[in-house]
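Chemist: Got a structure for you, questions after.
The values are calculated or read from the model by the stated rules, or taken from the named source; none is laboratory data. No experiment lies behind these values; they were computed from the predicted model shown. A quick note on method: Cβ atoms are made from the backbone with ideal geometry, for glycine too, and the neighbour counts reach across all protein chains shown.
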């Protein structure tokens, strides 16, 4: 018998339920396990006491733990077959069988990749030991160290190769404790550049394990990877695990957790490896939440309201046709599909201090949205709409993926994109960029498609995509101004991606662009009044839409002054962070604490 799911758990369950998981457990097979007298049955028994449904043995660079457990069960079954099993052994085997019906055990390991970064590889329950060890050998774990469970095993593979090898072998790839030691996020470090970004955005990576999932801080790890950061535009599933190196928590050291003492709840149709992997591959981020026995269930909708409206998240209080609420929802769906994807909440505002209105007839509302989507948005777009509940009210959550066939259009000719907290009609160069993105994603698409959408002469500027590494990561810069036949045209650079949008006028400028144009024409900047720190400075601080923004300035090597309008906290990094810190503008300052209500 392998410790595995049983037939009743293989049954197809139409409804989804919340299941508790701890996917980061060490056993005595790890040489740094702190209670070597612990048995594998003890670990399973503690998992049951904690109400866990799915667990994984993830010993350091080895599968010796799962090997020992399987051998112990096999030996007991053999004795039973021979009718030579003793009563205490029969009781032990019966306990294994009982627990196998309650807990799904997934085999896995915690790899120490190059430079000491830790990566979890978790596999289906019926994966053979030979397959698992083959994966470890492919990751360059030395054969003579396969059973040692050591944290250091010499030169293995780099992080990105580890992701690829584990994924191609059919495993779940989870970056372990990314925000702490040996974590791939390296938050607070300038090291890595694009490599650092790829460590948390790579397509072979399924989820991030974080240690602050329950934190109320605005800048916790899950919020950092929520898809709103320009460099980290892929939203990541974030979970927590105990990383237990002992059976029970050390009362003298709160960081040394026991089995099941840092748990994640996941919403699945059944507790299976396949359902878990499908969740991590999906776009619904409301299906994971931290769990504590002593706390009320985590309300991800309230957490979303605390984050507020941003480039990947919006709120609508109603779905009424009158007043344009339904059309506004469709515009957001179109904009998210054309930008970074996102989530739309219907039935409440973004203000966490206001009561939730709710949706009185959610089933009818879902059908209405889907019907209008099919009628008005082309090409067809596959979205997910689910009913949720918060503060006793039913609301709708719409998950919109990044579209593969952009540009998506409403009413046959209106292309919307997302710009920070706003949904706006796309201008010419943005439409060109969307077409190019779609062609890049599907190289087999005939070139004639672009001729059907745009005139041949419409091209994106040759400096598209060039982003000054020192510039902020959000906001806009006016890169060029020209007069043509008595009319002023502006070229604006989007600091998120470096794209330059030409031929912007006062009339066509959207909100942030219009602000930049108006400020530029007023010519209010006086460089002598700027408090400079080296070559960067703060010109102005203000609020728009409840969000703090900065107008920042930078003096380049040719003594030219660049002005960056509407920079948000998401765009602050490097010298800009040092500048704001020196001026008392830290994210944790008193003014910002008043602006953000902890949830």
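Chemist: Just checking, which of 217, 234, 254, 305 is closer than 22 Å to residue 58 by Cα and either modelled with pLDDT under 95 or not in a strand (DSSP E or B) (or both)?
Modeler: Values: 217 fails: closer than 22 Å to residue 58 by Cα; 234 fails: closer than 22 Å to residue 58 by Cα; 305 fails: closer than 22 Å to residue 58 by Cα.
When all the criteria are applied, what remains is 254.
Chemist: Turning to a different aspect of this structure: Right, residue 319: part of a strand (DSSP E or B) and crowded, with 21+ Cβ neighbours inside 10 Å or not? Quick ask: steps written out before the conclusion?
Modeler: Numbers: part of a strand (DSSP E or B): no; crowded, with 21+ Cβ neighbours inside 10 Å: yes.
Answer is no for this residue.
Chemist: A follow-up question, please. Specify which of the listed residues (44, 25) is farther than 20 Å from residue 172 by Cβ and crowded, with 17+ Cβ neighbours inside 10 Å.
Modeler: Working: 25 fails: farther than 20 Å from residue 172 by Cβ.
Result: 44 is the single residue among 44, 25 that is farther than 20 Å from residue 172 by Cβ and crowded, with 17+ Cβ neighbours inside 10 Å.
Chemist: In addition: Looking at (1) over 19 Å from the mean Cα position of the chain (by Cα); (2) crowded, with 20+ Cβ neighbours inside 10 Å; (3) within 24 Å of residue 273 (Cα to Cα), find the lone condition where residue 163 falls short.
Modeler: (1)
Chemist: Of all residues in segment 109-120 being touching a helix residue (DSSP H, G or I) at 6+ places or on another chain (Cβ under 8 Å) and touching a residue at least 60 places away in the same chain (Cβ under 8 Å), which is nearest to residue 209 (Cα to Cα)?
Modeler: 119
Chemist: Within segment 359-379, is there a residue that is surrounded by 20 or more Cβ atoms within 10 Å (Cβ to Cβ), under 17 Å from residue 438 (Cα atoms), touching a residue at least 24 places away in the same chain (Cβ under 8 Å) and not assigned by TED's automatic domain parsing to the domain that holds residue 236?
Modeler: Among the residues of segment 359-379, at least one is surrounded by 20 or more Cβ atoms within 10 Å (Cβ to Cβ), under 17 Å from residue 438 (Cα atoms), touching a residue at least 24 places away in the same chain (Cβ under 8 Å) and not assigned by TED's automatic domain parsing to the domain that holds residue 236, which makes the answer yes.
Chemist: Residues of segment 63-80 being surrounded by fewer than 19 Cβ atoms within 10 Å (Cβ to Cβ) and either modelled with pLDDT under 95 or under 18 Å from residue 149 (Cβ atoms) (or both), which ones?
Modeler: The answer is 68, 71, 72.
Chemist: Right, another one. What single numbered condition from (1) under 15 Å from the mean Cα position of the chain (by Cα); (2) under 16 Å from residue 239 (Cα atoms) fails to hold for residue 299?
Modeler: Tallying (1) under 15 Å from the mean Cα position of the chain (by Cα); (2) under 16 Å from residue 239 (Cα atoms), residue 299 fails exactly one: (1).
Chemist: Take the conditions at pLDDT 90 or above and either within 26 Å of residue 363 (Cα to Cα) or under 22 Å from the mean Cα position of the chain (by Cα) (or both) and apply them to residue 408. Does it pass?
Modeler: Numbers: at pLDDT 90 or above: yes; either within 26 Å of residue 363 (Cα to Cα) or under 22 Å from the mean Cα position of the chain (by Cα) (or both): yes.
So residue 408 passes the test.
Chemist: Here are some residues: 551, 499. Which one is modelled with pLDDT of 90 or more and not assigned by TED's automatic domain parsing to the domain that holds residue 232? It would help to see each step written out before you state the result.
Modeler: Values: 499 fails: modelled with pLDDT of 90 or more.
None of the other options fit; the residue is 551.
Chemist: Hey, another quick one. Scan segment 461-477 and tell me whether some residue there is touching a helix residue (DSSP H, G or I) at 6+ places or on another chain (Cβ under 9 Å), crowded, with 16+ Cβ neighbours inside 10 Å, at pLDDT below 80 and within 30 Å of residue 229 (Cβ to Cβ).
Modeler: The answer is yes; a qualifying residue exists.
Chemist: If residue 323 meets every condition in (1) outside the structural domain of residue 227 (by TED's automatic domain parsing); (2) at pLDDT 90 or above apart from one, which number is that one?
Modeler: (2)
Chemist: Condition (residue is in contact with a helix residue (DSSP H, G or I) (Cβ under 9 Å, 6 or more places away or on another chain) and closer than 18 Å to residue 340 by Cα) applied to segment 175-190: is it met by at least one residue?
Modeler: No, because not a single residue in segment 175-190 is in contact with a helix residue (DSSP H, G or I) (Cβ under 9 Å, 6 or more places away or on another chain) and closer than 18 Å to residue 340 by Cα.
Chemist: Hey, can you tell me all the residues within segment 199-214 that are touching a helix residue (DSSP H, G or I) at 6+ places or on another chain (Cβ under 6 Å), under 16 Å from residue 186 (Cβ atoms) and assigned to a loop (DSSP other than H, G, I, E, B)?
Modeler: Correct list: 202, 205, 210, 212.
To keep it simple, each residue is scored yes or no on (1) free of Cβ contacts under 8 Å to residues at least 40 places away in the same chain; (2) more than 21 Å from residue 110 (Cβ to Cβ); (3) not assigned by TED's automatic domain parsing to the domain that holds residue 61.
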position: 135; (1), (2), (3): yes, no, no
position: 144; (1), (2), (3): yes, no, no
position: 149; (1), (2), (3): no, no, no
position: 166; (1), (2), (3): no, no, no
position: 174; (1), (2), (3): no, no, no
position: 181; (1), (2), (3): yes, no, no
position: 199; (1), (2), (3): no, no, no
position: 206; (1), (2), (3): no, no, no
position: 235; (1), (2), (3): no, yes, no
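Chemist: Anything in segment 166-206 that is at pLDDT 95 or above, touching a strand residue (DSSP E or B) at 6+ places or on another chain (Cβ under 9 Å) and surrounded by fewer than 21 Cβ atoms within 10 Å (Cβ to Cβ)? List them, or say none.
Modeler: Residues satisfying the conditions are 167, 169, 202, 204.
Chemist: Right, next: Restricting to segment 49-102, name every residue that is assigned to a helix (DSSP H, G or I) and closer than 23 Å to residue 265 by Cα. Walk me through how you get there before you give the answer.
Modeler: Kept after step one, since they are assigned to a helix (DSSP H, G or I), are these residues of segment 49-102: 49, 64-81, 87-100.
Answer for segment 49-102, where residues must be assigned to a helix (DSSP H, G or I) and closer than 23 Å to residue 265 by Cα: 49, 98, 99, 100.
Chemist: Scan segment 369-399 residue by residue and report those that are in contact with a helix residue (DSSP H, G or I) (Cβ under 7 Å, 6 or more places away or on another chain) and outside any strand (DSSP E or B).
Modeler: 369, 372, 373, 376, 381, 383
Chemist: Another question about this same structure. Could you check how many residues of segment 20-30 are in contact with a helix residue (DSSP H, G or I) (Cβ under 9 Å, 6 or more places away or on another chain) and either in a strand (DSSP E or B) or touching a residue at least 60 places away in the same chain (Cβ under 8 Å) (or both)? Give the steps one after another, and end with the answer.
Modeler: From segment 20-30, those in contact with a helix residue (DSSP H, G or I) (Cβ under 9 Å, 6 or more places away or on another chain) are 21-23, 25-30; that's our starting set.
Next, from what is left, pick out any that are either in a strand (DSSP E or B) or touching a residue at least 60 places away in the same chain (Cβ under 8 Å) (or both): 21-23, 25-26, 29-30.
The number of residues fulfilling the criteria is 7.
Chemist: Here's another thing I want to ask about it. When the residues of segment 255-285 are filtered to those that are within 16 Å of residue 237 (Cβ to Cβ) and in contact with a helix residue (DSSP H, G or I) (Cβ under 7 Å, 6 or more places away or on another chain), which remaining residue is surrounded by the fewest Cβ atoms within 10 Å (Cβ to Cβ)?
Modeler: The extreme case among them is 267.
Chemist: What are the pairs, 6+ residues apart or on separate chains, where a residue within segment 31-49 that is assigned by TED's automatic domain parsing to the domain that holds residue 255 has its Cβ under 8 Å from a residue that is part of a helix (DSSP H, G or I) and surrounded by fewer than 16 Cβ atoms within 10 Å (Cβ to Cβ)?
Modeler: Every condition considered, the pairs that remain are 41/95; 45/95.
Chemist: Being over 25 Å from residue 194 (Cβ atoms) and assigned to a loop (DSSP other than H, G, I, E, B) narrows it down to one residue among 528, 558, 497; which is it?
Modeler: So the residue among 528, 558, 497 that is over 25 Å from residue 194 (Cβ atoms) and assigned to a loop (DSSP other than H, G, I, E, B) is 558.
Chemist: What residue, among those in segment 524-534 that are surrounded by 15 or more Cβ atoms within 10 Å (Cβ to Cβ) and in contact with a strand residue (DSSP E or B) (Cβ under 7 Å, 6 or more places away or on another chain), is nearest to residue 574 (Cα to Cα)?
Modeler: So in segment 524-534, the residues surrounded by 15 or more Cβ atoms within 10 Å (Cβ to Cβ) come out as 525, 530, 533.
Keeping just the survivors that are in contact with a strand residue (DSSP E or B) (Cβ under 7 Å, 6 or more places away or on another chain) gives 525, 530.
Numbers: 525: 24, 530: 19 Å.
It comes out as 530.
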